[in-house]
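Working notes, beginning with the structure itself.
Laboratory data are not the source of any read-out in this text; all were calculated from the coordinates shown. Treat the numbers as computed from the prediction; the structure is a model and nothing was measured. Cβ atoms come from the backbone with ideal geometry, glycine included; neighbour counts cover every protein chain shown.
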Amino acid sequence: MPNLTRRQFSAAVVAACGLASVKLQAMQTAARQTGLRDVFKGDFLIGTALGGGGLAQGTSPLLELVAREYNAITPTNMMKWGPIEPREGEWQWDMPDRFVAWGEAHGMRVVGHNLVWHSQVPSWLFVDADRQPIGKDALIARLESHIRTLVGRYKGRIHIWDVVNEAIEDDDKGWRQSPWTRIIGPEFMERAFRVAHETDPKATLLYNDYNEHNPGKRAFLVGVLKDYRKRKVPIHGVGFQGHVGLDYPDLAEYEKSIEAIAGLGLPIHVTELDIDVLPRATRSTSADVSATAASSESLDPWKAGLPPEIDDRLTARYRQFFELFLKHRKHVARVTTWGTFDGESWKNNFPVRGRTNYPLLFDRAMQPKAAYAGIVALKTHK
Ligand code: GLA
């Protein structure tokens, strides 16, 4: 050991400590940077849906969490027809531009949601200047121009589009009766795909819907997809929204639908996963639980916190779904939750307003829940 002066010795200690603290910092940063995106790397993309959430300021605790955990983002509402083009030709680009730029800056796969839906549409869309019902050709022109403008603006930057949302009914009812089918006919859907593809040939184009586990809906969808493949309609995958509950849907039926779509050679994107833990209610049960104490008790039982046994069921259910996604990892391209933390979930207000629900992987304080640990453990404790 060389003879060191006191000064040399202190300098060496400081340097060694400095090195140790740099190492420690690097380890802490690495730990902070490990998120679901790392856990499921090689399996599927893992995404979330973002509303405003700090995008206007460019930073927020939520955005930090999203950047750490996820590698795909979907906008909740800002790209839907109503919010983005509230008056014909008047586009609200500010938030969508920020959303796309933030996604790019954080290495996200950016999802566009959605181009054509019957809901959240502006009031001008299906009527002419005199508020009379619009004709077929005029509506086709609007549809095509909307898609060209929106997809064109983000060409090469939005990687995946939900092109058409919810065009099929449950059971054996076939096409949803909406202004799109009434005015244009079911061909509105393939037109949307063709124009989106023409505008950005590299974008992945999805059909997105809920309840694909429903046998009648599955059969109808498979028929449509087979026909599209035969006629070369450019469709590249199917979105399973995944608004599910603790005891629905039947996982065996859900798996049959994954297999049916995979069997056509199309990937599945789970686009809007959340697990409702509250007693089932329909919109007609009660519009607002604050209205009566009785309905508040029975429909909104866990205002003060989720009982451990229900939290366990939530974790078990998340694990079952992720086991299924991992089993079919070759065909499941992405799993996106509809929101990041419980406090921001639409499920607090649907189908009944003002309840306290717990459908996501992070709690109201944005801390990971047992369900988070449960799905991570599927990969780390095999
Ligand atoms: C549907 C839509 C989403 C969103 C959810 C509920 O699933 O596709 O955009 O509106 O409902 O929030």
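Which residue fluctuates most in the GNM of the chain (Cα springs below 10 Å): G245, G52, G305?
Greatest mean-square fluctuation among the candidates belongs to G305.
Taking the stretch 74-217, how much of its Cα-Cα pair set, in percent, is spaced more than 27 angstrom apart?
Counting pairs separated by more than 27 Å, the tail of P(r) holds 21 percent.
For the stretch 222-235, what does the Karplus curve 6.51 cos²θ - 1.76 cosθ + 1.60, with θ = phi - 60°, yield as ³J(HN,Hα) per residue in whole Hz, taken in order and with x for Gly and Pro?
Values, residue by residue: 4, x, 4, 5, 4, 4, 4, 4, 4, 9, 6, 6, x, 10 Hz.
Taking the 0 to 90 degree range and rounding to the nearest ten, how far is the long axis of helix 136-153 tilted relative to the main principal axis of the chain, both from C-alpha atoms?
Between helix and principal axis, roughly 20 degrees.
Only Lys, Arg, Asp and Glu count, each charged at its Cβ (+1, +1, -1, -1), so figure out the dipole size of the stretch 73-186 about its Cα centre, rounded to 20 debye.
Using only the charged Cβ atoms, the result is roughly 280 debye.
Once Lys and Arg get +1 and Asp and Glu get -1 on their Cβ, which of Y154, N165, A192 lies farthest toward the positive end of the dipole of the stretch 149-198?
Y154
When the Karplus curve 6.51 cos²θ - 1.76 cosθ + 1.60 is applied with θ = phi - 60°, which whole-Hz ³J(HN,Hα) does each residue of the stretch 111-123 get, with x for Gly and Pro?
9, x, 9, 10, 8, 9, 8, 8, 10, 6, 9, x, 5
May I ask which of K41/K173; K155/K347; K155/K256; K41/K155 have a Cα-Cα span longer than 29 Å here?
Long pairs (Cα-Cα over 29 Å): K41/K173; K155/K347; K155/K256.
Between the helical axis of 308-327 and the dominant principal axis of the chain, each derived from Cα atoms, what acute angle in degrees is found, rounded to the nearest 10?
80 degrees
Assigning unit charges at the beta carbon (Lys, Arg +1; Asp, Glu -1) and nothing else, what dipole magnitude in debye, to the nearest 20, does the chain show about its Cα centre?
1400 debye
Residue farthest toward the positive end of the dipole of the chain, with Cβ of Lys/Arg at +1 and Asp/Glu at -1: which of M366, N71, W338?
N71
Quick check on the chain: helices-only [θ] at 222 nm, where DSSP H runs of length 4 and up contribute -39,500 (n - 2.57) each and the sum goes over total residues. Nearest 500, please.
-13000 deg cm²/dmol
Taking only Cα atoms and a 10 Å spring cutoff, compute GNM fluctuations for the chain and point out the largest among K369, K136, K347.
Its mean-square fluctuation being the largest, the pick is K136.
Quote the charge dipole size of the stretch 312-357 about the Cα centre in Debye, to the nearest 20; the model charges only the Cβ of Lys and Arg (+1) and of Asp and Glu (-1).
That gives the stretch 312-357 a dipole magnitude of about 220 debye.
Sorting K41, K80 on the 10 Å Cβ count, fewest up front, what's the list?
Listed from fewest to most nearby Cβ atoms, that is K41, K80.
Using the charge dipole of the chain (Lys, Arg: +1 at Cβ; Asp, Glu: -1 at Cβ; taken about the Cα centre), state which of L139, Y228, F44 has its Cα farthest towards the positive end.
F44
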